[in-house]
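Below: the structure, in structure tokens.
The values are calculated or read from the model by the stated rules, or taken from the named source; none is laboratory data. Nothing here was measured: the structure is a model prediction, and the numbers come from that model. Counting neighbours? That spans all protein chains shown, and the Cβs are built from the backbone with ideal geometry, glycine included. Surface accessibility is based on the protein's heavy atoms, side chains included, excluding ligands, DNA and RNA. Shrake-Rupley method; radii C 1.70, N 1.55, O 1.52, S 1.80 Å.
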Amino acid sequence: MFTIKPSAFTLLLFITLLILSVLSLFVGVIDIRPAALLTGDTALLEVFLISRLPRLLAILCTGVGMSVAGLIMQQLCMNKFVSPTTGATISSAQLGILFALLFLPDSTLWGRAVFAFGAAVLGTWLFVWFIQRIKFKDVIMVPLVGIMFGNVIGGLTNYLAYKYEMTQALSSWLVGHFSLVLRGRYEIVYLTVPLVILAFVFANHFNIVGLGRDFSRNLGIPHNLVLFMGLSIAAMITASIVVVVGSISYVGLIVPNVVAMFKGDRIRGTLADTALFGALFVLVCDIVGRTVIAPYELPIELVVGVLGSILFIALLLYRLKNGRRAVRIPRSGLSGCGASIKLEGGGES
């Protein structure tokens with residue numbers, strides 16, 4: 001494990017995020033300089049308020065929301081490879097959006113969000129229901145089941161989209177991008193703020209539930225209620241982001257694991273750092289996507305996929321080198337969503 005003071009790590013993340021956030025406001029096809037804004041240039045001020053500032057806020061909410069959703073799912077399932085991507089949450093939200101387009105074609109963004117919320121919560125619950133009925137499960141089996149379940153939902157979504165000629169209308173939600181984020185059509189992502197606060201309030205309950213049904217019962221915690229409440233929070237966070245931005249993979253998987261290398265696995269102690277690093281990661285990917293082939297723009301999903309793959313491989317190599325590869329199937333008394341990982345260096349992940 002790296003040696004670094006917790007407060008210093010948090011402060012470093014915050015200062016870096018603040019600097020890059022200011023830089024992001026002035027990166028784009030239209031050249032906007034702080035001096036021009038101070039002089040009262042109306043055209044540049046409109047671009048700043050209608051496009052640049054809403055985009056930055058959407059990026060921050062997306063990074064915070066996806067990373068916290070992944071942290072919640074990993075903690076409740078005691079599995080470091082569970083995330084909104086591997087837990088079929090994103091695929092379910094996309095199916096809900098398609099249902100909204102089919103049955104309510106004139107619905108507003110908020111109307112589509114309602115369908116996405118319901119489908120994401122239901123899909124996540126079904127994933128957990130499947131996992132709890134697997135008799136012999138290990139750290140790899142849980143995300144594999146989620147990936148297969150997500151592919152089934154994705155196949156159904158594509159089938160319905162082709163059948164009813166909705167492929168083009170659905171394409172905006174299949175690949176994540178911030179190019180269409182403008183004032184008046186992104187405010188749904190603000191829902192991530194109260195949901196993240198709610199996750200922080202119940203962080204200790206999520207820790208206890210992640211240790212198993214018997215452990216929760218001994219401490220007087222309603223296991224099923226807290227489990228499904230936590231999964232519902234993660235699903236609603238994911239759905240609110242998918243409706244506005246689209247599908248963004250890896251964030252909920254990579255960010256919590258990277259932060260755990262510095263801060264450990266206790267959710268209350270890592271929640272703030274996970275949120276900051278998630279926002280920083282998505283912001284860096286967005287800046288790269290806007291500058292690498294300027295004046296054109298790469299979708300955020302593509303950049304996150306490339307950088308996320310590199311980070312994921314580096315994370316695996318670090319864990320192998322430092323002896324965090326041994327997997328132990330828990331006793332029957334521990335009945336979370338998945339299996340716990342016994343670390344060779346001591347502790348559990």
tail above 14 Å in the computed P(r) of the stretch 72-132, as % of all Cα-Cα pairs, reads 56
Given charges of +1 on the Cβ of Lys and Arg and -1 on the Cβ of Asp and Glu, with all other atoms neutral, how large is the dipole of the chain about its Cα centre, in debye to the nearest 20?
1180
For the chain, what are the DSSP H helices with axial Cα length of 30 Å or more and mean Kyte-Doolittle hydropathy of at least 1.0?
53-77, 109-132, 141-163, 223-244, 267-291, 300-321
Using 0.36 nm per residue, how much length does the chain from Trp125 to Glu187 gain when fully extended, once their Cα-Cα distance is taken away?
19.7 nm
Taking the chain, the lysine pairs whose C-alpha atoms sit under 28 Å apart (8 or more places apart or on different chains) add up to 16
Descending semi-axes in Å of the stretch 265-320, equivalent ellipsoid built from Cα gyration tensor:
26, 16, 7
Debye-sum result for the chain in log10 I(q)/I(0), which assumes one identical scatterer on each alpha carbon, at q = 0.08, 0.10, 0.15 Å⁻¹:
-0.38, -0.60, -1.28
Show me 44-50, 177-183 ranked by packing, highest mean number of other Cβ atoms within 10 Å first.
177-183, 44-50
Report the gain in length on full extension from Asn224 to Ile287: 0.36 nm times residue separation, minus Cα-Cα distance, nm rounded to one decimal.
18.6 nm
Relative contact order [Cα under 8 Å, 6+ residues apart], the chain, whole percent:
30
Taking r as the C-beta separation of Ser171 and Ala8 and R0 as 45 Å, the FRET efficiency to the nearest 0.05 is 0.55
Which distance in Å, rounded to a whole number, links the C-alpha centroids of the stretch 17-49 and the stretch 243-266?
29
Positive-end extreme of charge dipole, the chain - chosen from Thr39, Gly28, Ala272 (charges on Cβ)
Ala272
Sorting Arg266, Arg213 on solvent-accessible surface, 1.4 Å probe, most exposed first, gives Arg266, Arg213
Probe 1.4 Å, all chains present, heavy atoms only: Trp110 accessible area in Å², nearest 10, is 130
Once you have a ≥ b ≥ c as the square roots of the Cα gyration tensor eigenvalues for the stretch 142-186, tell me rounded if a/c is under 1.5, and otherwise prolate or oblate according to whether a/b is larger than b/c.
oblate
